[in-house]
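Quick notes on the structure that follows.
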Ligand SMILES: Cc1cc2nc3c(=O)[nH]c(=O)nc-3n(C[C@H](O)[C@H](O)[C@H](O)COP(=O)(O)OP(=O)(O)OC[C@H]3O[C@@H](n4cnc5c(N)ncnc54)[C@H](O)[C@@H]3O)c2cc1C
């Protein structure tokens, strides 16, 4: 089924209930938050815990964006190796960010525990798998730096990776013990539940149309009334569109798709048998994991193309056959994709768009832990903190001149990759 009305497999399989609530007339609050994903809801949870009144506006449903569609790899650090983060941000800021985001998965799992979030959480680490000898060299370079700063990662030999993954296809791997796996829709719905319990209000099916500064207040015009607030945080990431002029041109929008098999019972037991999730070092990255119901979920860059007989199904079948020749034929149940905000230097941003108006954005496909942490940092700032204590220095938004063209070129390359790997 290619059904974009269903957000993802996670939308159907999580036990955390959806929360739906229309907006009820004009509202005045301390903090207006646009976007019901990890960033917006973590901001709401932590701001409400600090005594701020806050109101979250979500255009569709909680988790409609990347938060309800992703792979569920709760990874430490950023997509870039730690040494590259330091080179880009400077020694002190870079090292501080790496430390904060190194501890971020533990914080995510502590929230899951504290709020009893039902999201198939597993803390068995994640595997960055080498697709080639060159990929292995890249992992060795990452491992050396992580070891230097005392992070619990293991560089896996080819045989060790094969044993953990259940496939001979990889040239080794990097096992990061800080990481884990979740059902991301379960986590984001759990954050919404926790934020409401802390006192935040959430309205769904409400689109923020415009932001106006009137006196010392912000007015958010929506399709269902206005929200007047002292501060506004935009948690719209790759799903931002037209609300703040030019914001969607500060990143390149790319897509990542996933395909889930039917529950396979003990046939899938040999696949990632120790419960890790995986992504690889290939230039067109792919991901692999299982869920609690015996499904294998496999994904790669690009959009879903076709349905049960389409290109993405053929790509998934062919890739699983290549990795796990003994698995046999499998049926596929669910196909979906989501948008990623890719920054030119692969570093996320925190922008102050105007006085009292902020947005953390540009997670480059790694937003579970960073979105949670940046939301918490927003709350700490607005509850009396200082901008200089944010995990990232505030930066002015910069337009990526060729964002739309680049987006189209990436999509063409990802489609060609699916086609090539389906043959
Ligand atoms: C397929 C895929 C796989 C990924 N895999 C991983 C992974 O394994 N691990 C990881 O850490 N990260 C992963 N990511 C990245 C991660 O999902 C995102 O970085 C993260 O979800 C961003 O969260 P967010 O809250 O900032 O934005 P989102 O979750 O995208 O939420 C933005 C929300 O804003 C709402 N919105 C937009 N405009 C308006 C408006 N005007 N009014 C009201 N609401 C509005 C949207 O409806 C949407 O719900 C993946 C992303 C994708 C797409």
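Every number in this text was worked out from the coordinates using simple rules, so none of it is lab data. A quick note: this is a predicted structure, and the numbers were derived from the prediction, not measured. Positions of Cβ are generated from backbone atoms using ideal geometry, with glycine treated the same way; all protein chains shown enter the neighbour counts.
In what sequence do 228, 43, 261, 319 fall when counting other Cβ within 10 Å, fewest first?
Placing the least packed residue first, the sequence is 228, 319, 261, 43.
How much of the DSSP bridge set in the chain is antiparallel, in percent, rounded to the nearest 5?
Percentage antiparallel, nearest 5: 70.
Would you kindly state how much longer the chain becomes between residue 213 and residue 18 on full extension, computed as 0.36 nm times their sequence separation minus their alpha carbon distance, in nm to one decimal?
So the extension gain works out to 66.9 nm.
Under the classification rounded if a/c is under 1.5, otherwise prolate if a/b is larger than b/c and oblate if not, where does region 1-73 fall, given a ≥ b ≥ c as square roots of the Cα gyration tensor eigenvalues?
It comes out prolate by the Cα gyration axes.
Quick one: 213, 123, fewest Cβ neighbours within 10 Å first, how do they rank?
Ranked by crowding around the Cβ, least crowded first: 213, 123.
Among 161, 398, 129, which one shows the biggest mean-square fluctuation in a GNM of the chain, springs joining Cα atoms closer than 10 Å?
Highest fluctuation among the options: 398.
Using 0.36 nm per residue, how much length does the chain from residue 322 to residue 399 gain when fully extended, once their Cα-Cα distance is taken away?
So the chain would gain 23.6 nm between residue 322 and residue 399.
Could you tell me how many degrees, from 0 to 90 and to the nearest 10, lie between the Cα long axis of helix 91-102 and the main elongation axis, the longest principal axis, of the Cα atoms of the chain?
Here the helix axis deviates by roughly 70 degrees.
Please state the relative contact order of the chain as a whole percent: Cα pairs under 8 Å, 6+ residues apart?
Rounded, it is 24 percent for the chain.
Tell me the relative contact order for region 314-423 as a rounded percent, counting alpha carbon contacts under 8 Å between residues six or more apart.
Relative contact order for region 314-423 comes out at 28 percent.
If one computes the Cα centroid of region 382-419 and of region 74-146, what distance in Å separates the two points?
Their Cα centres are 19 Å away from one another.
Roughly what angle does helix 38-49 make with the longest principal axis of the chain, taking Cα atoms, 0 to 90 degrees, to the nearest 10?
So the helix axis and the longest Cα principal axis differ by about 50 degrees.
At what distance in nm do the modelled label points of residue 160 and residue 138 sit from each other, each positioned 7 Å from its Cα along Cα→Cβ?
Each label point lies 7 Å from its Cα, and together they span 2.0 nm.
Among 421, 395, 122, rank each residue by its count of other Cβ atoms within 10 Å, from fewest to most, as a rough exposure measure.
Lowest count first: 395, 421, 122.
On a 0 to 90 degree scale, rounded to 10, what angle separates helix 184-197 from the longest Cα axis of the chain?
Computed tilt is about 30 degrees.
Taking the chain as a Gaussian network, where each spring joins two C-alpha atoms under 10 Å apart, which residue of 291, 11, 113 fluctuates the most?
Ranking 291, 11, 113 by mean-square fluctuation puts 113 first.
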